[in-house]
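What follows is a single structure, written as structure tokens, with notes after it.
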Amino acid sequence: MSTLLTGITTSGTPHLGNYVGAIKPSIEKSKDFNKNFLFLADYHSLIKNQDPELTFKSSLKIAAAWIACGINFEKVNFYRQSSIPQILELNWILSSVTPKGILNRAHAYKAAVDVNDKTDPDSGINAGLFNYPILMAADILLFDADFVPVGSDQKQHIEMTRDIAGRFNNSYGETFTLPEPIISTDIPLLPGLDGRKMSKSYNNFIELFSSEKILQKSLNQIVTDSLLPGDPKGTKDSILFDYFSAFLKKERLDGIKKSFEDGAGWGDLKKMLFDIINDELSPLREKYENLINNPNTIEEILSEGEKQAVIHAENKIKEVRETVGIKPLHG
Ligand code: TRP
């Protein structure tokens with residue numbers, strides 16, 4: 001029986017790229033596993049920003065989005081990282097077996113050093129950013145996860161998790177499962193409106209549950225060329241076609257391709273795209289708005305998931321503490 005686990009850092013608002021690249025495929029994938037752990041990485045968020053309102057709102061929105069998109073709670077434990085104190089206990093224990101050198105080599109840390117002046121390479125870098133990979137290892141190892149679906153930018157973190165787990169097991173005996181990353185190549189990438197990576201910092205993103213009006217307005221901003229209605233259009237380097245690809249299965253997509261080749265106008269194609277995306281999102285948007293207006297429901301769902309997750313976490317941390325020699329002094 002394999003276990004799937006993944007976390008989402010609560011430092012943003014879910015956008016359409018997150019939906020296509022993470023939310024939808026993860027919910028789909030969870031059906032193949034008997035045990036799934038899905039959590040809000042709210043402690044990771046603190047490393048990225050010191051804006052309480054942002055972390056709070058982001059947790060609320062991300063939780064509501066995942067619930068609205070249809071997590072199956074019979075199979076998925078949904079919880080906040082911050083509600084499982086055993087993660088932080090394990091974080092410390094793992095710190096003690098993690099060579100500082102592997103943290104020096106983490107891409108995220110190196111990138112932060114690279115932009116700094118050579119005379120003060122660690123300027124503005126908090127210890128949390130440096131230790132980030134250990135917290136992530138604790139998230140994963142505490143739940144004996146076999147598989148961790150992540151974006152390709154997170155691949156190194158999973159390698160580090162395996163490294164840390166291996167070192168612990170070598171020192172103390174088999175305790176942790178070495179996780180495998182799942183990096184889907186078959187998931188279409190949804191570019192930003194201008195063709196670059198969809199990102200808040202480029203201001204080229206579409207909020208997942210923006211209103212119909214804003215969705216339509218945003219889709220109209222997808223960059224196209226100046227071909228006129230009647231001119232045949234290629235699909236290869238078309239940002240607009242990438243959007244169709246992210247939402248349609250092969251058969252319907254072939255129909256769209258034909259419309260491109262037959263010279264449909266950009267305006268008409270954008271209208272078709274809006275209808276397709278809006279039809280899919282409308283029922284979810286309604287659920288999302290209901291949840292956002294009833295945060296008690298979200299709190300109840302998370303508390304329920306946390307009750308289950310904590311049982312697992314308590315058992316595992318007991319085992320780990322005993323393994324390292326921290327246990328009652330009697331018999
Ligand atoms: N670091 C991940 C990201 O930014 C989020 C994350 C935190 C995570 N802990 C995790 C993902 C554990 C998978 C497993 O995307």
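The values are calculated or read from the model by the stated rules, or taken from the named source; none is laboratory data. Because the structure is predicted, anything quoted here is derived from the model rather than measured. Please note: Cβ atoms are built from the backbone with ideal geometry, for glycine as well, and neighbour counts cover all protein chains shown.
Brief remarks follow.
- Considering segment 123-140, the residues that are touching a residue at least 60 places away in the same chain (Cβ under 8 Å) and either under 15 Å from residue 102 (Cβ atoms) or outside the structural domain of residue 38 (by TED's automatic domain parsing) (or both) include one that is farthest from the ligand (Cβ to nearest atom), namely 129.
- Being β-branched (Val, Ile, Thr) and closer than 18 Å to residue 23 by Cβ holds for only one residue in 206, 239, and it is 206.
- Criterion violated by residue 143 - all others in (1) modelled with pLDDT of 95 or more; (2) part of a helix (DSSP H, G or I); (3) within 13 Å of the ligand (Cβ to nearest atom) satisfied: (2)
- The sole residue among 218, 226, 201 that is away from the ligand (no atom under 14 Å from the Cβ), part of a loop (DSSP other than H, G, I, E, B) and over 30 Å from residue 323 (Cα atoms) is 226.
- Selection status of residue 39, in the same structural domain as residue 184 (by TED's automatic domain parsing), among the aromatic types (Phe, Trp, Tyr) and within 12 Å of the ligand (Cβ to nearest atom): yes
- Reported count of residues in segment 1-35, each being among the basic types (Lys, Arg) and in a strand (DSSP E or B), is 1.
- Restricting 45, 58, 11 to those that are of a type in the set (Ser, Thr, Tyr), on the phi < 0 side of the Ramachandran plot and more than 10 Å from the ligand (Cβ to nearest atom) reduces the list to 58.
- The residues of segment 149-196 that are more than 16 Å from the ligand (Cβ to nearest atom) and part of a helix (DSSP H, G or I), listed by number, are 166, 167, 168, 169, 170, 171, 172.
- Here 273, 269, 253, 284 are screened, and the one residue that is in contact with a Cys (Cβ under 8 Å, 6 or more places away or on another chain), surrounded by 15 or more Cβ atoms within 10 Å (Cβ to Cβ) and not basic (Lys, Arg) is 284.
- Sole residue being under 30 Å from residue 20 (Cβ atoms), free of Cβ contacts under 8 Å to residues at least 12 places away in the same chain and more than 15 Å from the ligand (Cβ to nearest atom), chosen from 118, 110, 100: 110
- Within segment 54-76, residues that are assigned by TED's automatic domain parsing to the domain that holds residue 17 and basic (Lys, Arg) have Cβ atoms under 8 Å from residues that are part of a helix (DSSP H, G or I) and modelled with pLDDT under 95 in these pairs: 75/30, counting only partners at least 6 apart in sequence or on another chain.
- Flag if residue 31 is away from the ligand (no atom under 14 Å from the Cβ), basic (Lys, Arg), within 18 Å of residue 208 (Cβ to Cβ) and touching a residue at least 12 places away in the same chain (Cβ under 8 Å): no
- Condition met for residue 169 (surrounded by fewer than 23 Cβ atoms within 10 Å (Cβ to Cβ), out of contact with any helix residue (DSSP H, G or I) (no Cβ under 6 Å at 6 or more places or on another chain) and over 24 Å from residue 48 (Cα atoms)): yes
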